[in-house]
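A.B. asks: Sharing a structure here in structure tokens format.
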């Protein structure tokens, strides 16, 4: 298959050369019909992963620590729209609690860190073509930073592929829908265009995490250990629980740490993939990068890293299931762990992983199972002993507006709840407290009111 039509379209849209070369590689893998599967027989479970609790203490020299902190930039990935929850704006603009959005809390965190350490830590957002305008307008309106464009790195865009012809998809009704983001693995082609400037500013390290993970803050102990270790790439991992069975896990293949996602697992091996006692660690997407080593790897590969390619089947107009069937090619930034022979992983507490991917996650975060400090720090309540409640909401609550209609007076108390399952349309009164394992069921089509008070076990309403 010819790539010419894709390269011409991307060049006309001003896409960077690094991104075009990266997409060329991904397209070649698609055209070759390579499965990309990683069989269970090819890997071993990751073991002997050091933990945050085992790391040595920070150096006693305050000036040395401050210099180290100022050599590490914080980068938040802010390219997601949250369309799966019915949002049409940057997910980071979603309210978390008390009128504060993810972005508000992120900037509270970085401001507090700078004030308490005295270190002027550089900060960046990687926006997508879908989130850039909303995000910059919000930051400007709030006066959070004088020039929001100064903290922006812009994610690339790539063409959607017509599934029938394997050529660029066309949609004249809305040409913007002919493009899609390339996944957060695009971080590396973006950095390829910026890395010389970052290094020239004295930035030696980069801490990367998702904007919807408010537990991911710059941890000096990890940075100090990472800097001393000499490893070019560090992935924070945490222990898988039952709710993480479908998520990617860390493994070892040919003595190399790798990340295996569910899309890379053959159907016959899916039971082993979901065995959380065998494959114990999953990627938090909190990554630490050493820029000089990354620069060398990017130069060797042509401005990108050779990551596994994930194929997503969609329609060109996601709201029109009868529109043209397309393929979207994505890469995951965590998969770069396999690109460095001396990469490493660090086991961290669950407190550093509190993402919001679904309305169930949002409900949990808005409840008293989590505490939010005036400095924007988000932690599980001490009573949770490091484990969040497992929340399962049916399709009546798939969208954010549906969830908010169900909790007009705020989220129920989940601080003593192991699991909450809600089926059917209900509305929570103020003062509902779920304890233990709770299942709320309404079999009718009419919305039922969950009364105030303690709920334990099953409630049919």
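A.B. asks: Return the only residue of 309, 316 being in contact with a helix residue (DSSP H, G or I) (Cβ under 6 Å, 6 or more places away or on another chain) and modelled with pLDDT under 95. Explain how you work it out, then say what you get.
C.D. replies: On the way: 316 fails: modelled with pLDDT under 95.
Sole residue among the options that is in contact with a helix residue (DSSP H, G or I) (Cβ under 6 Å, 6 or more places away or on another chain) and modelled with pLDDT under 95: 309.
A.B. asks: Turning to a different aspect of this structure: What number of residues in segment 1-30 are in contact (Cβ under 8 Å) with a residue 40 or more places away in the chain and outside any helix (DSSP H, G or I)? Working first, answer last.
C.D. replies: Let us first name the residues in segment 1-30 that are in contact (Cβ under 8 Å) with a residue 40 or more places away in the chain, namely 1, 5-6, 9-10, 13, 15-19, 21-23, 25-27, 29-30.
This time we only want the ones that are outside any helix (DSSP H, G or I), so: 1, 13, 15-16.
Adding up the residues that qualify gives 4.
A.B. asks: Still on this structure: Given the residues 176, 186, which is the only one that is out of contact with any strand residue (DSSP E or B) (no Cβ under 7 Å at 6 or more places or on another chain), touching a residue at least 12 places away in the same chain (Cβ under 8 Å) and closer than 29 Å to residue 5 by Cα? Before you say what the answer is, go through the steps one by one.
C.D. replies: Numbers: 176 fails: touching a residue at least 12 places away in the same chain (Cβ under 8 Å).
Step by step, each of 176, 186 is checked, and only 186 is out of contact with any strand residue (DSSP E or B) (no Cβ under 7 Å at 6 or more places or on another chain), touching a residue at least 12 places away in the same chain (Cβ under 8 Å) and closer than 29 Å to residue 5 by Cα.
A.B. asks: Taking the conditions exactly as written (surrounded by fewer than 21 Cβ atoms within 10 Å (Cβ to Cβ) and free of Cβ contacts under 8 Å to residues at least 24 places away in the same chain), does residue 401 satisfy them or not? Steps first, please.
C.D. replies: Details: surrounded by fewer than 21 Cβ atoms within 10 Å (Cβ to Cβ): yes; free of Cβ contacts under 8 Å to residues at least 24 places away in the same chain: no.
No: the conditions fail for residue 401.
A.B. asks: Just to be sure I understand, how many residues within segment 266-290 are outside any strand (DSSP E or B) and surrounded by 21 or more Cβ atoms within 10 Å (Cβ to Cβ)? It would help to see each step written out before you state the result.
C.D. replies: Of the residues in segment 266-290, the ones outside any strand (DSSP E or B) are 266-280.
Right, trim to surrounded by 21 or more Cβ atoms within 10 Å (Cβ to Cβ) and you get 273, 279.
Matching residues across segment 266-290 total 2.
A.B. asks: Tell me, yes or no, whether segment 166-175 has at least one residue that is touching a helix residue (DSSP H, G or I) at 6+ places or on another chain (Cβ under 6 Å), farther than 23 Å from residue 124 by Cβ and crowded, with 20+ Cβ neighbours inside 10 Å. Please lay out each step first, then the result.
C.D. replies: Of all residues in segment 166-175, those touching a helix residue (DSSP H, G or I) at 6+ places or on another chain (Cβ under 6 Å) come to 167-169, 171.
Filter once more, keeping what is farther than 23 Å from residue 124 by Cβ: 167-169, 171.
With crowded, with 20+ Cβ neighbours inside 10 Å added as a condition, the list becomes 169.
Among the residues of segment 166-175, at least one is touching a helix residue (DSSP H, G or I) at 6+ places or on another chain (Cβ under 6 Å), farther than 23 Å from residue 124 by Cβ and crowded, with 20+ Cβ neighbours inside 10 Å, which makes the answer yes.
A.B. asks: Being part of a loop (DSSP other than H, G, I, E, B) and either over 32 Å from the mean Cα position of the chain (by Cα) or not assigned by TED's automatic domain parsing to the domain that holds residue 380 (or both) is true for just one of 444, 456. Which residue is that? Talk me through it step by step, then tell me what you get.
C.D. replies: Details: 456 fails: part of a loop (DSSP other than H, G, I, E, B).
Just one listed residue meets the conditions, 444.
A.B. asks: Only one of these is touching a helix residue (DSSP H, G or I) at 6+ places or on another chain (Cβ under 6 Å), more than 30 Å from residue 112 (Cα to Cα) and surrounded by 21 or more Cβ atoms within 10 Å (Cβ to Cβ): 432, 391. Name it. First the steps, then the outcome.
C.D. replies: Working: 432 fails: touching a helix residue (DSSP H, G or I) at 6+ places or on another chain (Cβ under 6 Å).
Unique residue meeting the criteria: 391.
A.B. asks: Related question: Just checking, does segment 31-46 include any residue being at pLDDT 90 or above, under 30 Å from residue 364 (Cβ atoms), in contact with a helix residue (DSSP H, G or I) (Cβ under 8 Å, 6 or more places away or on another chain) and not in a helix (DSSP H, G or I)? Give the derivation first.
C.D. replies: Of the residues in segment 31-46, the ones at pLDDT 90 or above are 31-32, 37-46.
Adding the requirement that they be under 30 Å from residue 364 (Cβ atoms) leaves 45-46.
Restricting the remaining residues to those that are in contact with a helix residue (DSSP H, G or I) (Cβ under 8 Å, 6 or more places away or on another chain) gives none.
Within segment 31-46, none of the residues are at pLDDT 90 or above, under 30 Å from residue 364 (Cβ atoms), in contact with a helix residue (DSSP H, G or I) (Cβ under 8 Å, 6 or more places away or on another chain) and not in a helix (DSSP H, G or I).
A.B. asks: Among the strands (runs of 3 or more DSSP E) lying completely within segment 337-383, list those that include at least 2 residues that are assigned by TED's automatic domain parsing to the domain that holds residue 282.
C.D. replies: On the way: elements: 344-347, 370-372, 378-380.
Output list reads 344-347.
A.B. asks: Kindly indicate whether any position in segment 129-146 is surrounded by fewer than 18 Cβ atoms within 10 Å (Cβ to Cβ), closer than 18 Å to residue 109 by Cβ and either in contact with a helix residue (DSSP H, G or I) (Cβ under 7 Å, 6 or more places away or on another chain) or not assigned by TED's automatic domain parsing to the domain that holds residue 16 (or both).
C.D. replies: There is at least one residue in segment 129-146 that is surrounded by fewer than 18 Cβ atoms within 10 Å (Cβ to Cβ), closer than 18 Å to residue 109 by Cβ and either in contact with a helix residue (DSSP H, G or I) (Cβ under 7 Å, 6 or more places away or on another chain) or not assigned by TED's automatic domain parsing to the domain that holds residue 16 (or both).
A.B. asks: Here is a further query. Looking at segment 130-181, which of the residues that are more than 25 Å from the chain's Cα centre (by Cα) and assigned to a helix (DSSP H, G or I) is nearest to residue 326 (Cα to Cα)? Steps first, answer last, please.
C.D. replies: Step one: list which residues in segment 130-181 are more than 25 Å from the chain's Cα centre (by Cα), which gives 141, 143, 146-147, 162-175.
If we keep only those that are assigned to a helix (DSSP H, G or I) as well, we get 141, 175.
Working: 141: 37, 175: 14 Å.
Filtering segment 130-181 for residues that are more than 25 Å from the chain's Cα centre (by Cα) and assigned to a helix (DSSP H, G or I), the one nearest to residue 326 (Cα to Cα) comes out as 175.
A.B. asks: Scan segment 206-215 and tell me whether some residue there is in a helix (DSSP H, G or I) and in the same structural domain as residue 64 (by TED's automatic domain parsing).
C.D. replies: Going through segment 206-215, the residues in a helix (DSSP H, G or I) turn out to be none.
So far as segment 206-215 goes, no, none of its residues is in a helix (DSSP H, G or I) and in the same structural domain as residue 64 (by TED's automatic domain parsing).
The values are calculated or read from the model by the stated rules, or taken from the named source; none is laboratory data. The structure presented is a predicted model; accordingly, all values stated were derived computationally and were not measured. Note: ideal-geometry Cβ built from the backbone for every residue, glycine included; neighbour counts use all protein chains shown.
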